[in-house]
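Here is the structure we will look at, set down as structure tokens.
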Amino acid sequence: MISFVLLAIVAATPLLLAVEGETIVQRSGIINLGIEGMMLNAAMTAVLFAQWSQSAAIGFAGGILGAAVTGALFGFFAIVLAADQIVTGTAINFLALGVTGFVYREMSEIFVRKVPVVAQDAVVWIAWIAVPIALALLLWNTTFGLRLRACGENPEAVAAAGASVRAHRWIALAIESVVTGVAGAYLALALSSGFAENMIAGRGYIALSIVIFGRWQLKGAVLGTALFGLAAAAQYALQAANRGVQFHLLLALPYVVTLLILFGIAGRVVAPEALGKRS
């Protein structure tokens, strides 16, 4: 039982980091659908940097850089140009899928090399303990956090008080870029030991669903991710048990659980008032 729980925690770690970043961004009033593309770019750049330097730490730095570049592109259109956030995020995902696929095929000889060993325990502790506590303190115990949450509820009031809504949203997006970059790097360097095309496999979209399930609270984000992690661990356990269940059905198990969770809370959650609105 203990090994099953540990497997769930490890498997859900990159997802939790993405959920934490998306929670912060959505509290500021932005829906970043492009988080899938951010994680995918982070996974690729993490492997490239790690292969070049033979250092896991530099690999993680490369993952953060990849996510930051993608986040900056999203922010330029969504925050500066006030473009539709859903359309922008979708375009970012398709762009990331195309670019990473092209690079993977053109530089395939690099991606088959071994990546440096990663201290998984450190990242797990950071994702499940340090980051939630730090972000909760930031959101609920600082003036910046108060204004950030106000940007998602009533940005006009924030502007009237003399604070910059754009600046707060850029900072939220920067925070998301860091934790999402770590998520993509952890997935590629620790869980997968390399990069593969479309290796995020919908985790970004699952993260969006868990943010809703968690009612835009960090404690709810941790709980929702834990449930997904348990479903993922059950999938691995069933595969190992070889009970005759079709492999593709087992792969779908975590996503089915997510859909059931969303079905159960449909119509019962209230999003931040200004979420996704152009301003």
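The values are calculated or read from the model by the stated rules, or taken from the named source; none is laboratory data. Bear in mind the structure is a predicted one, so any value in this text is a computation, not a measurement. We place every Cβ from the backbone using ideal geometry, glycine too, and count neighbours over all the protein chains shown.
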Quiz item: So which of 96, 50, 46 is touching a Pro at 6+ places or on another chain (Cβ under 6 Å), farther than 24 Å from residue 257 by Cβ and surrounded by 20 or more Cβ atoms within 10 Å (Cβ to Cβ)?
Solution: 50
Self-check item: Residue among 37, 66 that alone is under 18 Å from residue 123 (Cβ atoms) and either under 15 Å from the mean Cα position of the chain (by Cα) or of a type in the set (Phe, Trp, Tyr) (or both)
Solution: 66
Self-check item: Options 6, 33, 16, 40: the member that is in contact with a Pro (Cβ under 9 Å, 6 or more places away or on another chain) and not small (Gly, Ala, Ser)
Solution: 16
Self-check item: Unique match (being touching a residue at least 40 places away in the same chain (Cβ under 8 Å) and either under 22 Å from residue 191 (Cβ atoms) or in a helix (DSSP H, G or I) (or both)) among 96, 61
Solution: 96
Self-check item: Members of the stretch 99-137 that are under 24 Å from residue 19 (Cβ atoms), of a type outside the set (Phe, Trp, Tyr), in contact (Cβ under 8 Å) with a residue 60 or more places away in the chain and in a helix (DSSP H, G or I)
Solution: 100, 120, 123, 124, 127, 131, 132, 135, 136
Exercise. Can you work out which of the residues in the stretch 154-208 that are crowded, with 24+ Cβ neighbours inside 10 Å and in a loop (DSSP other than H, G, I, E, B) is farthest from the chain's Cα centre (by Cα)?
Key: 195
Quiz item: Could you count how many residues in the stretch 113-124 are exposed (fewer than 14 other Cβ atoms within 10 Å of the Cβ) and either modelled with pLDDT of 90 or more or under 23 Å from the mean Cα position of the chain (by Cα) (or both)?
Solution: 4
Quiz item: residue 27 is checked against (1) without any contact (Cβ under 8 Å) to a residue 40 or more places away in the chain; (2) under 19 Å from residue 168 (Cβ atoms); (3) of a type outside the set (Phe, Trp, Tyr) and fails just one. What number does that condition carry?
Solution: (1)
Quiz item: Hey, among the residues in the stretch 59-112 that are charged (D, E, K, R) and closer than 17 Å to residue 197 by Cβ, which one's modelled with the lowest pLDDT?
Solution: 109
Quiz prompt | Selected residue (only one of 78, 83 is closer than 17 Å to residue 173 by Cβ, more than 17 Å from the chain's Cα centre (by Cα), in a loop (DSSP other than H, G, I, E, B) and not aromatic (Phe, Trp, Tyr)) | solution = 83
Practice problem: Can you confirm whether the stretch 27-37 contains a residue that is among the charged types (D, E, K, R) and assigned to a loop (DSSP other than H, G, I, E, B)? | Solution: no
Quiz prompt | Selection from the stretch 69-93 of residues that are farther than 23 Å from residue 59 by Cα and surrounded by fewer than 18 Cβ atoms within 10 Å (Cβ to Cβ) | solution = 76, 80, 81, 82, 83, 84, 86, 87, 90
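This table checks each residue for (1) aromatic (Phe, Trp, Tyr); (2) in contact with a Leu (Cβ under 9 Å, 6 or more places away or on another chain); (3) more than 16 Å from residue 205 (Cα to Cα).
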| position | (1), (2), (3) |
| --- | --- |
| 8 | no, yes, yes |
| 19 | no, yes, no |
| 27 | no, yes, yes |
| 44 | no, no, yes |
| 72 | no, yes, yes |
| 107 | no, yes, yes |
Quiz item: Within the stretch 20-72, which residues are farther than 28 Å from residue 154 by Cα and β-branched (Val, Ile, Thr)?
Solution: 45, 47, 58, 64, 69
